[in-house]
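First up is the structure itself, then whatever we jot down about it.
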Amino acid sequence: MSAIERINAAAGLIVPEVILLATVCIMFLVGPFLVTEGGKTQTGLRHRWGALSLLAIVSALVAWWNTSIQPVDLSLFQADAFVWFVRGTTLSIGVILVLLLWNQIDDGQSAEAHACLLAILAGVNLTAAANDLAILFIGLELVSIPTYILLFIPKRDRLIREATAKYFLLSIFSAAIFLYGVAWLFGAAGTTNMLGISQAAQAGKFDQVPGLLLLAQVFLLAGLGFRLTLVPFHFYAPDVFQGSTSANAAMLSFIPKIAGMIGLFRLLPLTQGLVDWNGWVPSQPLQTVLATLAVLTMFGGNLLALRQKNLHRLLAYSSVAHAGYMLVGLTVGSSTGAANGMASVLFYLVIYGIMTLGAFAVLSGLGATGNPIRTDDQLAGLSRTRPLMAASLAVLLFSLTGLPPTAGLLGKLFIFLAAWNDGSTIGYTLAIVLAINATIAASYYLRLVVVMYFENPQGEQPEVAKQYPAWVASAGCVVMVVALFFIPQGLWDAALKAIH
Amino acid sequence: MLILLLASLGLPLITAVLLLLFRGSMAADNARWIALAGALVTACSAFALLSEYQRLPAKNDIAVSPVNPGFEHSFPWIQLKPGTAVEGEPATTGYSFSLQLGVDGISVVMILLTALLGISSILISWESIKERQAEFYASLLALQAGVTGVFCAFDLVLFYAFFEITLIPLFFLILVWGGTERRAAALKFFIYTFCGSVITLLGLVSLVLHAANAGVANPSSIPALAAWLKANPLDPQLQTVLFLAVSAGFLVKVPVFPFHTWLPLTYMQAPIAGTIFASGVLAKLGVYGFLRLCIPFFPEACLTVGIPLMGTLAVIGVIYASLCSLAQRDIQRLVAYSSIAHLGFCIIGLFALNAEGIAGGVLQMVNHGLSTAALFLLVAMIHERYQTRNIDQLGGIASQLPLLSCTLVFISMASIGLPGLNGFTGEFLSLSGMFARHPVYAALGATGVILGAWYLLTMLQHVIFGPARKNSETAAPVSDLNLREVMALAPLAVLCLWIGVYPKSVLDVIEPDVKSISSLYSNAVQNDAVQQTQFNSDDAGVAPLVSHDLRSVSRVGN
């Protein structure tokens, strides 16, 4: 096979990402020409770039729908059912993210912001599609680097700059740790190709260097733990969320989580010499580490969220806690039996994305462009002034709590089933800790509902800003959250298929 | 049948959604008419459901499962495990959750009770709720739909989902339309009951998984699971653990002493319609949960742990709550505590674990729903007239409000358990069932009847018959019950009398299901040394007892 043929074959596996990245190039190249040197632009330019973003995502979705699932080989990319699932998730969630970003940026910077967002989406997909450690790392960096730019673009105040700098430094630090772990894995296997690593493991190479692999696992977990905001790698999250706009905070609450989860899904079984996850259960030391992290993350996130007044901080801690719930599913792995931990993680990831982004969508739909909703006092009396928004936020908060009739209940239920089905002490402990944490979480989500429905509106009400894209996004999220409670079958099947 | 069931379940919900959708475009007072219409149609469909249910052919598979709904329909929901083998994995039978709706004798009675209380609670809110009416009635109807859902859910996950859904509308009812401490009340109520039900969920999850791993195709279907557990009883130790876990949520919901501490605040702070629903049917969800899940699923644990634990807690609850009632100066608080006491009788009856005890428990569920709801209605009417509920400030109402006083006396008598009214039959059956099982609990529980008479009669004496108090004389002249209030009370009062003189009408409906549940325990009972010959009616069912009961009723009547 000639080099060109191989490149063509490889590109054939990543058509949706090629579409996204091509649009990114157009935006970066054309964008600057539409802005004068003084930074002035035609008003309403952001609508056009937003529409182009949506168009790109929709074309990518069409391309995604037409991709076929192919067996893993030694090429740079793979296209298994997991990639199919991740693509579908990222692109659909990407639509919500584009809608959120729509009015949160100035016309002059809209091209760059949308381009960064599309690059991030492509990066997530490439991370999943990578069949090589180097590609996987590039995919992760394709998520990180545009994120720095995206966070900095609004540059409205000092907080945003601080948030960006903090995220930038810590992210680079974590990338280095991650790369260090990858190096150990490479050292143990002698190749960067995933199938090659698995073959090396089957040939018995890993047994010669057991310590090396444990080091690799720990470093990989630490590096990805930063993205997943696992306690104790979560410290940046509240500050960065607080400093960012709602759209960026929404992006941060979902994209790094899915990217980190993909990394863990691909690499942790690989350190045990497996490329497919049928019956994969973390090895004993790894399971202990994961379980400890899960317990710490759930308790840390929920307890710290209890006293938060700033909504972005509260949602940041809530996202920490949800990462903990997902880690529970990963800890019990994909053991055969009545329930599957990894499938439940994937199911939860999608539900979590919808409900958290929905909450951020409501927040950005409430605030004016330059005057976002920041603290819980600003929600006071919302049920009188903006009943529909209040009801939407209430539904999403109930879903985050895990109450019916929302998909949040099913997400937690499946993780619960998986943990309990594990049958080990770790499984039971995790399920009980999850139950306790669900109750703790209920109190702070409910507090927001109480503020909206109990307290009287304070001061003068700002005029209702017409945030149509955010309204559409929040309405879509509410509908999805309720609909997925009644018809969860498709999503669950996709998640289950992605694991096999 | 399915249509009627869906109508009973869906009509309140549809009305609620309509109210919310057209909130802006209707005159403020129209909401209550729409809500009333919705509730009336729902009640009609519930009545039709009952009559259709009675026309169903008799069930004959009692031997297979202790729970067998006379009618059921299952919508596919989620197939967790594909039925076909996935490559690389041993072929498993698929397992799934489904939206399985159905009715049996017990649930059809409870659905009807819920529908009736729905009408009463709308009527009592007619004048008192002036703010955000559309939302208020929408929440009320959503609550009604949720409760109805629990009664007709025959899938564990669906049951749990409905059980939890009821929290949300009641939370809003308390939070938005409640009394001065509504914020604390709403949060306490929600968090407390949520804690309990999360533990229940843990128990249910492990039960479902146990069944699923043993190869049951639909492990969350209550009839299938009950049949499977009957054929393959669980290990006694596991049964005990699961029994305790599953009971947690129901103990809080009923509430059984010492998990009742959320109740007084909630009942005091909720708007009156919310209180009626909470006491009339929400509390029954706990009792119903015991009856539907714990008793059929864990027979051994019920016998070894259930009877002593629940018996003791229920007896303590009955006596403790009665004494608390005696000490209250606020009538509403008094009724709230009396509600705890009366629910103790339900629990005593259920955990007698024989046909008459369970029949008594179910009947007591209905009775308690009728009489407590009616008492709360009357308390609210008194409060509307005098702006006080304090016993010391009220007095001599009889001279001013003869009709209201008359009804209050009537309902109090029903609640006390005067023979000829409904309370008597339920308490009698419960206690006699328990007497056959464990005379001590029955004897101690019976003191609650005396205490009940004591506090209610004391209250009546002060409020109704005492000398007229000054402030009620100086207050603006008050008028007696108007048509709306009569309409709210009449169905409840009529049913109190009807069940009192002719309990067979209810007992006949519930009898087959009660028998199929108690058949699990009948062997154990026959071996029980404590069994008394005159109560040897386990196998004969409840019919002889009812006639015995009726004889005593007629004796008193003469």
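The values are calculated or read from the model by the stated rules, or taken from the named source; none is laboratory data. Predicted model only: the values in this text are computed from it and were never measured. Reconstructed Cβ throughout: ideal geometry from the backbone, glycine too, with neighbour counts over all protein chains shown.
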Yes/no for B:L158 being in contact with a strand residue (DSSP E or B) (Cβ under 8 Å, 6 or more places away or on another chain), within 11 Å of chain A (Cβ to nearest Cβ) and either under 30 Å from B:I14 (Cβ atoms) or part of a strand (DSSP E or B) (or both): yes
Top-ranked residue in the range A:451-478 [being hydrophobic (A, V, I, L, M, F, W, C) and within 14 Å of another protein chain (Cβ to nearest Cβ); ranked as nearest to the chain's Cα centre (by Cα)]: A:V478
Breaking point among (1) touching a Leu at 6+ places or on another chain (Cβ under 9 Å); (2) modelled with pLDDT under 50, for B:E485: (2)
Flag for A:T164 being over 22 Å from A:P238 (Cβ atoms) and among the hydroxyl-bearing types (S, T, Y): no
Single condition A:T245 does not satisfy, out of (1) under 20 Å from the mean Cα position of the chain (by Cα); (2) more than 21 Å from A:S110 (Cα to Cα); (3) crowded, with 19+ Cβ neighbours inside 10 Å; (4) of a type in the set (V, I, T): (2)
Selection count where residues are charged (D, E, K, R) and farther than 29 Å from B:N354 by Cβ, scope the range B:477-511: 3
Filter pass, A:G108 being in contact with a Phe, Trp or Tyr (Cβ under 8 Å, 6 or more places away or on another chain) and part of a helix (DSSP H, G or I): no
The lone exception for A:A483 - which of (1) part of a helix (DSSP H, G or I); (2) more than 12 Å from chain B (Cβ to nearest Cβ); (3) more than 17 Å from A:Y348 (Cα to Cα) it fails: (3)
Those residues of the range A:147-158 which are of a type outside the set (S, T, Y) and buried (at least 24 other Cβ atoms within 10 Å of the Cβ), in sequence order: A:L150, A:L151
Filter result for A:G329 (assigned to a helix (DSSP H, G or I), surrounded by fewer than 24 Cβ atoms within 10 Å (Cβ to Cβ) and within 20 Å of the chain's Cα centre (by Cα)): no
Meets criteria (surrounded by fewer than 24 Cβ atoms within 10 Å (Cβ to Cβ) and either in a helix (DSSP H, G or I) or of a type outside the set (A, V, I, L, M, F, W, C) (or both)) for A:I415: no
Scan of the range B:186-235 for residues that are within 7 Å of chain A (Cβ to nearest Cβ) and at pLDDT below 85, ordered by number: B:A212, B:N213
Single residue of A:I138, A:I120 found to be closer than 16 Å to A:V18 by Cα and in contact with a Pro (Cβ under 6 Å, 6 or more places away or on another chain): A:I120
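Matching residues to (1) more than 9 Å from chain B (Cβ to nearest Cβ); (2) under 25 Å from A:L304 (Cβ atoms); (3) surrounded by 21 or more Cβ atoms within 10 Å (Cβ to Cβ):
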| position | (1), (2), (3) |
| --- | --- |
| A:T406 | yes, yes, yes |
| A:L409 | no, yes, yes |
| A:N421 | no, no, yes |
| A:I436 | no, yes, no |
| A:L446 | no, yes, yes |
| A:V449 | no, yes, yes |
| A:A498 | yes, no, yes |
Verdict on B:G500 being within 30 Å of B:D104 (Cα to Cα) and not aliphatic (A, V, I, L, M): yes
Qualifying helices (runs of 4 or more DSSP H) (wholly inside the range A:1-85; at least 1 residues being more than 27 Å from A:A498 (Cα to Cα) and of a type in the set (D, E, K, R)): A:3-12, A:45-66
Qualifying residue in the range B:330-342 (condition: over 27 Å from B:M413 (Cβ atoms), surrounded by fewer than 24 Cβ atoms within 10 Å (Cβ to Cβ) and of a type in the set (S, T, N, Q)): no
Pair list, Cβ < 7 Å and 6+ apart or interchain, from the range A:1-27 residues that are closer than 19 Å to A:F82 by Cβ to residues that are surrounded by 14 or more Cβ atoms within 10 Å (Cβ to Cβ) and of a type in the set (V, I, T): A:V15/A:T67
Residue within the range A:294-306 that is within 14 Å of another protein chain (Cβ to nearest Cβ) and under 27 Å from B:L207 (Cα atoms) present: yes
Residue that is aliphatic (A, V, I, L, M), more than 22 Å from the chain's Cα centre (by Cα) and closer than 19 Å to A:G260 by Cα, where the choices are A:A175, A:A183, A:A203, A:A130: A:A183
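Yes/no per residue for (1) surrounded by 14 or more Cβ atoms within 10 Å (Cβ to Cβ); (2) at pLDDT below 90; (3) more than 30 Å from B:E135 (Cα to Cα); (4) not hydrophobic (A, V, I, L, M, F, W, C):
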residue	(1), (2), (3), (4)
B:I34	yes, yes, no, no
B:S98	yes, yes, yes, yes
B:G102	yes, yes, no, yes
B:T114	yes, no, no, yes
Residue among B:A186, B:A212 that is part of a helix (DSSP H, G or I) and closer than 25 Å to B:G102 by Cβ: B:A212
Qualifying residue in the range B:291-304 (condition: buried (at least 24 other Cβ atoms within 10 Å of the Cβ) and closer than 30 Å to B:A327 by Cβ): no
Failed item in (1) more than 10 Å from chain A (Cβ to nearest Cβ); (2) not in a helix (DSSP H, G or I), with B:P169 passing the rest: (2)
Helices (runs of 4 or more DSSP H) wholly inside the range B:415-505 that include at least 3 residues being within 20 Å of the chain's Cα centre (by Cα): B:422-437, B:439-460, B:483-501
Inter-residue pairs, beta-carbon under 6 Å, first more than 10 Å from every other protein chain (Cβ to nearest Cβ) and in the range A:378-398, second buried (at least 24 other Cβ atoms within 10 Å of the Cβ) and outside any helix (DSSP H, G or I), 6+ apart: none
Sole exception among (1) among the basic types (K, R); (2) in a helix (DSSP H, G or I); (3) at pLDDT below 90 for A:K466, by number: (2)
Sole exception among (1) modelled with pLDDT under 90; (2) in contact with a strand residue (DSSP E or B) (Cβ under 8 Å, 6 or more places away or on another chain); (3) among the hydrophobic types (A, V, I, L, M, F, W, C) for B:A134, by number: (2)
Residue match in the range B:131-139 (condition: touching a Phe, Trp or Tyr at 6+ places or on another chain (Cβ under 6 Å), facing chain A (nearest Cβ under 10 Å) and surrounded by 23 or more Cβ atoms within 10 Å (Cβ to Cβ)): no
Hey, A:A359 crowded, with 23+ Cβ neighbours inside 10 Å, closer than 24 Å to A:P404 by Cβ, touching a residue at least 40 places away in the same chain (Cβ under 8 Å) and hydrophobic (A, V, I, L, M, F, W, C) or not: yes
